[in-house]
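S.K.: Below is the structure I would like to discuss, written out as structure tokens.
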Amino acid sequence: MEEEMEEERMNRGKMGNQDEDISDLLPRGKEELRKAAALLLAQQTSLEVIVNMCCSEDPSDDEWEETSSSDESEACADGVGEGGLQSPLCLSAEVYSALIHHNVPQKVLKKAEFPRPAAVDACQRNASWRSLIRKMHRVQCRALTCLHNILAAMDTESLGGTAGLQTVAQQLASLVFSSAEVVKEEEFLEAVTSALRSLLQIMASKNIPQCMSPQQLMSVCEAATRCDVVSVRVNALAILGITGSTLAKETGSSDTLQMIGTALLSVASKDPNLVVCGEALDALFDVFADGDEAEKAARNIRLLTSLKALQPVFKAKSCVRRAEGTTARSSCVCWTTSR
């Protein structure tokens, strides 16, 4: 009897191994490719899960339209308490501790880097492996989106304090300015401008010096404002507003403020999307809100006259928007996880 039971267990084990073994279904020579694709998909899905974990509920369209870069400044200022920057959502203590304990922010930042050249070259040499290059870049974009939400959900000290945020800024700068081609990818632009916007907002609220020059930021924003994706253009304008409002406090910044103001006025008058135009106006109000340098720059670009000239343009765009019944897109990024 015992021998029969042992034989039955062995047979069940063999059947179980056969059920789990899918090697016969794989084309010859494709097993490594499928494993690599499965690994990248797993990384992408994991990042999407973290994105959703660190994302607050979507605001309504009306609430989103009323949100401006100045509102974000007030929100960040209000969120600074005894324990540092407060999360806009209530992550449970267990989840928060797990993210910190397992160094998730640092690992996400690592995934936000460009794929290693050796890996890309290896994929380029084999036609069947070239599809992995796109998958690697998709993981990078998901990591940047994840970084954007993590920055909004965690306090500054958990991210390494001032030194940690400056390191993140330097790494984002290296991503953007390492190649002129990267700013042409819409998916990358959307992800990196979202991360930059969150990072610069936090650094501004903490009076942390920025690691990117205004000229570098302008080059990113110029590329972004030519992008067809509305959220990319909105992010770019918010970045200019944050940068300009910070520079307005510094002596000798009027020339840079003029450059930023001219760019914002151009977008406010020419962009066909009302939400983008509204963000440009919000950024203008932030940049030229106060300070001697801001007043000097405003006079040089004839800001008041230009704003008066924009009034009929905005009225016309408002009428078109009401007629079309268009809705704005939420700035909170969530992903439906891949299956």
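Readers should treat all values here as calculations from the given coordinates under stated rules, not as data from a laboratory. Here the structure is a predicted model, which means the values were calculated and not measured. Don't worry about glycine lacking a Cβ; one is built from the backbone with ideal geometry, like all the others, and counts go over all protein chains shown.
S.K.: Could you give the dipole magnitude of segment 214-323 about its Cα centre, charging the beta-carbon of Lys and Arg +1 and that of Asp and Glu -1, in debye to the nearest 20?
M.R.: Values: 12 positive and 12 negative charges, 130 e Å.
Charge dipole of segment 214-323: 620 debye, to the nearest 20.
S.K.: Could you grab the relative contact order for segment 214-323? Cα pairs under 8 Å, six or more apart, rounded to a whole percent. Write down the numbers at each step before the final one.
M.R.: On the way: 122 pairs, mean separation 30.1, N = 110.
Once divided by the residue count of segment 214-323, the mean separation gives 27 percent.
S.K.: Further, regarding this structure: Within segment 237-268, find all residues whose amide N lies under 15 Å from a label point positioned 7 Å from the Cα of Asp290 along Cα-to-beta-carbon.
M.R.: Answer for segment 237-268: 245-250.
S.K.: Hey, for a label at Asn207 modelled as a point 7 Å past Cα toward Cβ, could you say which residues of segment 237-265 have their backbone N under 17 Å away?
M.R.: From segment 237-265, the list is 245-251.
S.K.: Residues with beta-carbon under 13 Å from that of Lys308, excluding Lys308: net charge, scoring Lys, Arg +1 and Asp, Glu -1? Before the final figure, lay out the partial values.
M.R.: Working: positive: Arg302, Lys315; negative: none.
Within the 13 Å Cβ shell, the charges total +2.
S.K.: Separate question: If the reach is capped at under 19 angstrom between alpha carbons, list the lysines near Lys111, excluding any in the same chain fewer than eight residues apart.
M.R.: Reachable lysines: Lys35, Lys135.
S.K.: At what distance in nm do the modelled label points of Lys35 and Ser97 sit from each other, each positioned 7 Å from its Cα along Cα→Cβ?
M.R.: 3.7
S.K.: To continue, here is another question. Given the Cα-Cα distance of Asn273 and Lys107 and 0.36 nm per residue of separation, how much length would full extension add, in nm? Write out the running numbers ahead of the final one.
M.R.: On the way: separation 166, 0.36 × 166 = 59.76 nm, distance 3.67 nm.
Result for the pair: 56.1 nm of gain on full extension.
S.K.: Something else now. Pairs on different chains or at least eight residues apart, Cα atoms closer than 23 Å: how many lysine pairs in segment 214-323 fit?
M.R.: Values: Lys249/Lys296; Lys270/Lys308; Lys270/Lys315; Lys270/Lys317; Lys296/Lys308; Lys308/Lys317.
Number of lysine pairs found: 6.
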